[in-house]
Amino acid sequence: MENKNKISGDIHSHTGVEVARCYQCGKCTAGCVLASEMNFPPSYLMRLLQTGTEENYDRILRSNTIWLCLNCENCLGRCPMEIDIPKIMDYLREQSLNKKKVNRDANPIVSFHKSFLDSIKYTGRLYEVGLIAAFKARTFRLTQDVKLAPKMYLNGKLNLMPEMIKDKKGIGQIFSKTIDNPKTKNK
Amino acid sequence: MKIGFYPGCSLKGSSREYNESVVAIAKALDIELVEIKDWNCCGATAAHSMNEELSLSLPARILALAEAQGLKEVVVPCAACYNRLMVTQHELKDNNKRERVTDIIKMPYSGDLKIINVLQMLETYAMDKIQEKVTKPFAHKVACYYGCLLIRPHKILQFDRVEDPQSMDAMVKLIGGTPINWAFKTECCGAGLSVSRTDLVAKLSGNILKDATERDAKAIIVACPMCQSNLDMRRGAINETLSNPSDIPVIFITQAIGLALGLSPKELGLERHFVNVKL
């Protein structure tokens, strides 16, 4: 019972969501566009959380489910109990990262997010060419989308140089106090 | 009339035609857009998937800058940015979170800035003017596609209705178009995984395009750069998932309005699309 309180208690204190309120109607899963690609769909994830066991929690943190979730918010829009599943997903992803339990199939997704955030950290704004280059370097997907680039360039959709903001120090501090702060990793 | 403006990164890069068309129609409708000085990226999906405090601090800096500049209202055309700014403002009503985040950004933040999307800006300030200035009615049958981030989560955004929204449909009617009834108005196109899982995204976007095309829409109208670039630039990969390839263009609501106001396709950036716009 101790674990049960701990897992649902942690979720409640970080997201405000009470997992026990889910009564398994399945509307979230019915409306989830990627449910069929997931290790288990959102309503099943809610049930696993309700069991409160470390074993099931570990299964969730190691699943592709939390990384395939697009946060389209359809589940929340249709939930009769207004349970904020997308917010739980954000929390679970952060936990999965911090505990180094990221599903192997989700590596490209995490690589993309990391490349995206790196780009913002150094320039303050997203530099798309840099993002794609960093993503390719992280995933070795060197040939992906090479056919798109020339047309994007010709159509004026690619900036060859990044846009820099003036207060780069301010942005750097936001990163060093949040995602790059080792102290926040174990909360 | 003057209004604050947060373009966001997409509008400065791969979706610059959205920026061009927003700026062009604002000018035609006598709305002066005042860009937030030294704005940063909102962090988008990457930030909220990886770190909550980062995902609140990046938008908080933008809101704080707008407040410091004396802006009372800011229009955010990108649905993803609009969503992140709105969610952040909502989350920061919590005193603990606000204290933590203002300590991270080291800027004063009051939280009373009004954040609106481009449809709200037009609904509030330009409906009469648009009607008055339509010189070339946009007489086409189109599918208005809202996607996710413009309308969900409803509790926070409080915009339109969560199933079968109508604001874009009303705008299309106003400029002489015919919005169709279809099934995928608010279905997610998957843009968040566009680069990392193109295979899945092609399938999701394929469903959307298939329904619009089969119901004889001549174009899909959007108000989100993620939806637009996904359905437009990824058309090759999407068509590989369809038995009948679709060649209908995906254009921004601001481009459709611009055409109706008599602006040139070039001014509206219509030549930048991957799928040819023949309207």
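Read-outs: derived from the displayed coordinates by stated rules, not from any lab. Everything numeric in this text was worked out from a predicted model, so none of it was measured. Here the Cβ is made from the backbone with ideal geometry for all residues, glycine too, and neighbour counts use every protein chain on show.
Using a Förster distance of 56 angstrom, determine the FRET efficiency expected from the C-beta separation of residue A:5 and residue B:266, and round it to 0.05.
On the way: r = 63 Å, r/R0 = 1.13.
The formula returns an efficiency of 0.35 here.
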Report summary line: Rounded to the nearest 10, the angle in degrees between the Cα long axis of helix B:198-214 and the longest principal axis of the Cα atoms of chain B comes to 50 degrees
Report task. List A:17, B:76 from most exposed to least, where exposure is judged by having the fewest other Cβ atoms within 10 Å. Result -> A:17, B:76
Query - Across B:37/B:106; B:12/B:155; B:141/B:185, pairs whose alpha-carbon gap is larger than 20 Å - result: B:12/B:155
Query - Averaged over A:133-140, number of beta-carbon atoms from partner chains that fall within 10 Å - result: 1
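On a full-extension model of 0.36 nm per residue, what is the gain between residue B:128 and residue B:240, subtracting their alpha-carbon distance, rounded to one decimal in nm?
Working: separation 112, 0.36 × 112 = 40.32 nm, distance 4.33 nm.
Answer, rounded to one decimal: 36.0 nm.
Under a Cβ-only charge scheme (Lys and Arg +1, Asp and Glu -1), can you give me the dipole magnitude of the protein assembly as shown about the Cα centre, in debye to the nearest 20?
940 debye
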Query raised in the report: Where does helix B:16-28 land angle-wise versus the long Cα axis of chain B, in degrees 0 to 90, nearest 10?
Result: 90 degrees
Query raised in the report: Can you pull out the GluC sites (Glu not before Pro) in the range B:98-176 that DSSP calls coil and that have at most 15 other Cβ atoms within 10 Å?
Result: B:163
Report summary line: For residue B:68 and residue B:158, extending 7 Å from Cα along the Cα-Cβ vector and measuring point to point gives, in nm, a value of 2.8 nm
**Report entry** Amide N proximity, the range A:52-96 versus residue A:14 label position 7 Å along Cα-to-Cβ, cut-off under 15 Å
**Finding:** A:54, A:57-63, A:66-67, A:85-96
Query - Within straight-line cross-link reach of residue A:6, lysines at Cα separation under 20 Å, skipping those fewer than 8 residues along the same chain - result: A:87, A:99, A:100, A:101, A:185, A:187
Requested in this report: Decide, for the range B:135-272, between rounded, prolate and oblate: order the square roots of the alpha carbon gyration tensor eigenvalues as a ≥ b ≥ c, take rounded if a/c falls under 1.5, and otherwise choose prolate if a/b is larger than b/c, else oblate.
Outcome: oblate
Report summary line: If A:93, B:16 are placed from fewest to most neighbouring beta carbons inside 10 Å, the sequence is B:16, A:93
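Using the crude model of +1 on Lys and Arg Cβ and -1 on Asp and Glu Cβ, and no other charge, please compute the dipole size for the range B:2-118 relative to its Cα centre, in debye to 20.
The dipole magnitude comes to about 60 debye.
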Query raised in the report: Where the only charges are on Cβ atoms (+1 Lys, Arg; -1 Asp, Glu), what is the dipole of chain B about its Cα centre, to the nearest 20 debye?
Result: 200 debye
Query raised in the report: Of A:116, A:86, B:229, which is farthest along the charge dipole of the protein assembly as shown in the positive direction, counting Lys and Arg as +1 and Asp and Glu as -1 at C-beta?
Result: A:116
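Report, in listed order, any pair from A:147/B:72; A:136/B:72; A:151/B:114; B:27/B:278; A:177/B:2 with a Cα-Cα distance greater than 32 Å. Please report the intermediate quantities before stating the final value.
Details: A:147/B:72 44 Å; A:136/B:72 41 Å; A:151/B:114 38 Å; B:27/B:278 25 Å; A:177/B:2 36 Å.
Table pairs above 32 Å Cα-Cα are A:147/B:72; A:136/B:72; A:151/B:114; A:177/B:2.
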Query raised in the report: So for A:73, B:32, fewest C-beta neighbours within 10 Å to most, what's the order?
Result: B:32, A:73
Report summary line: Measuring from the longest principal axis of the C-alpha atoms of chain A, the long axis of helix A:128-139 (C-alpha) lies at a number of degrees, nearest 10, equal to 60 degrees
